[in-house]
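Q: I'd like to ask you about the structure that follows.
The values are calculated or read from the model by the stated rules, or taken from the named source; none is laboratory data. As the structure is a prediction and not an experimental result, all values here were calculated from the model. Backbone-built Cβ (ideal geometry, glycine too); neighbour counts: all protein chains shown.
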Amino acid sequence: MIDPTLAGLMNGFLPGPRTAERVPATWTDAPYTRCSLSPLTPTIGAIVEGVDLGGPVDDDVAAELHRALLEWKVLFFRDQDIDGAQQARFAAKWGPLETHPFYGTVTGTEVAAPEVVRLEKDAKVGGFENLWHSDVTWREEPSLGSVLRTIEVPDIGGDTLWADMGAAYDRLTPTMQARIDGMTAVHDWYTNFGLAMDPDERDRLRPQFPAVEHPVVRTHPETGRRTLFVNRAFTQHLVGLDPRESDELLEHLYAQASFPEYQCRWRWRPGDVAFWDNRSTQHYASSDYFPARRVMERITVCGDRPR
Ligand SMILES: [Fe+2]
């Protein structure tokens, strides 16, 4: 039994049961008849079987996958022999595809089509996505989700982890939930990608991509679930707080993604494809495999403005 007087010192990070809900109370369960799902954890991540992403994915299958995405937040598909065009066709079932304005410039990678982000790392490039984040939250409309395809995976290492930010929000104390309710945060690419850019290029892009403000707690546009929507990669500060208070509070909120109880972890094999909901999750690319190479291609679906 932990001395209760230590609870304050541990800032809420007490050991003990840490169970979370998979879906909001308004969710209605329904059977999956066109595919089967094998969950990885109680709340996040499921392997989908019975779907060939290279073949035609009809509307009924797509509807089940969509429901599965909302329910499990990250879907994994094994042994998919697909090329970039098939990957793009699958992703496009969920909406217009996003083009990253400067990922290729910053990393110097060449891609077959503008909607492809090629994540290519080896001993020379090193890792840089090994911090918890949602993709492109510096956009006014961050992406809905991404489809990530393996091109070359190391024999061991290079796992990706995802965290369920709805579970993370639910398990904040009521006091903390009340404190951040209605707060907004500034998100920006300038102190992240911008640092790796040629200054002239950075200045050219700046007017097109100014810093943006998003709610700290986002309501998922489809499930209605509240999710914690600040991340260590792109969130700069909390609006209206002095810098020290903002930093302290953000540190506490960032740390929520680090609980293994809210996470799933995927060990990649050749032929794997992952599809995640960027609105309800954060992810982290483990950078433990150098000098081995790891190459992935990501195609991202446009999202909406967080509310
Ligand atoms: Fe990412």
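Q: Name the single residue that is surrounded by the most Cβ atoms within 10 Å (Cβ to Cβ) among those in the range 111-121 being touching a Ser or Thr at 6+ places or on another chain (Cβ under 8 Å) and within 15 Å of LEU97 (Cβ to Cβ).
A: VAL117
Q: When you scan the range 80-92, do you find a residue that is touching a residue at least 60 places away in the same chain (Cβ under 8 Å), of a type in the set (S, T, N, Q), farther than 21 Å from CYS302 by Cβ and within 16 Å of the ligand (Cβ to nearest atom), even just one?
A: No.
Q: If you go through the range 102-136, how many residues are at pLDDT below 85 and in contact with a His (Cβ under 9 Å, 6 or more places away or on another chain)?
A: 2
Q: Among the candidates CYS302, CYS264, single out the residue that is surrounded by fewer than 20 Cβ atoms within 10 Å (Cβ to Cβ) and within 16 Å of the ligand (Cβ to nearest atom).
A: The conditions single out CYS302.
Q: Ok, one more. Search the range 132-146 for residues that are within 12 Å of ARG298 (Cα to Cα) and pair each with any residue that is of a type in the set (Gly, Ala, Ser) and not in a loop (DSSP other than H, G, I, E, B) when their beta-carbon atoms are under 9 Å apart and the residues are at least 6 apart or on different chains.
A: ASP135/GLY145; ASP135/SER146; GLY145/ALA91; SER146/ALA91; SER146/ALA274
Q: If you don't mind, another one. Quick check on my filter: what residues within the range 246-266 are assigned to a strand (DSSP E or B) and charged (D, E, K, R)?
A: Residue satisfying the conditions is ARG265 alone.
Q: Restrict the check to the range 158-172 and report whether at least one residue is surrounded by fewer than 16 Cβ atoms within 10 Å (Cβ to Cβ) and either more than 16 Å from the ligand (Cβ to nearest atom) or not acidic (Asp, Glu) (or both).
A: Scanning the range 158-172, I find no residue that is surrounded by fewer than 16 Cβ atoms within 10 Å (Cβ to Cβ) and either more than 16 Å from the ligand (Cβ to nearest atom) or not acidic (Asp, Glu) (or both), so the answer is no.
Q: Considering each residue of the range 267-297, count those that are assigned to a loop (DSSP other than H, G, I, E, B), more than 13 Å from the ligand (Cβ to nearest atom) and closer than 23 Å to ARG232 by Cα, and give that number.
A: Total meeting the criteria: 4.
Q: Right, here's the next one. Of all residues in the range 223-233, how many are surrounded by 15 or more Cβ atoms within 10 Å (Cβ to Cβ) and either over 14 Å from the mean Cα position of the chain (by Cα) or among the aliphatic types (A, V, I, L, M) (or both)?
A: Residues flagged as surrounded by 15 or more Cβ atoms within 10 Å (Cβ to Cβ) and either over 14 Å from the mean Cα position of the chain (by Cα) or among the aliphatic types (A, V, I, L, M) (or both) within the range 223-233 amount to 6.
Q: Here is a follow-up. Mind listing just one residue for me: the one in the range 137-157 that is of a type outside the set (Asp, Glu) and either touching a His at 6+ places or on another chain (Cβ under 7 Å) or closer than 17 Å to PRO291 by Cβ (or both) and, of those, nearest to the ligand (Cβ to nearest atom)?
A: THR137
Q: So which residues in the range 172-192 are of a type in the set (Asp, Glu) and either over 12 Å from ALA211 (Cα atoms) or not in a loop (DSSP other than H, G, I, E, B) (or both)?
A: Matches in the range 172-192: ASP181 only.
Q: Across the range 122-157, which residue is surrounded by the fewest Cβ atoms within 10 Å (Cβ to Cβ) among those that are of a type in the set (Val, Ile, Thr) and part of a loop (DSSP other than H, G, I, E, B)?
A: Top of the filtered list is ILE156.
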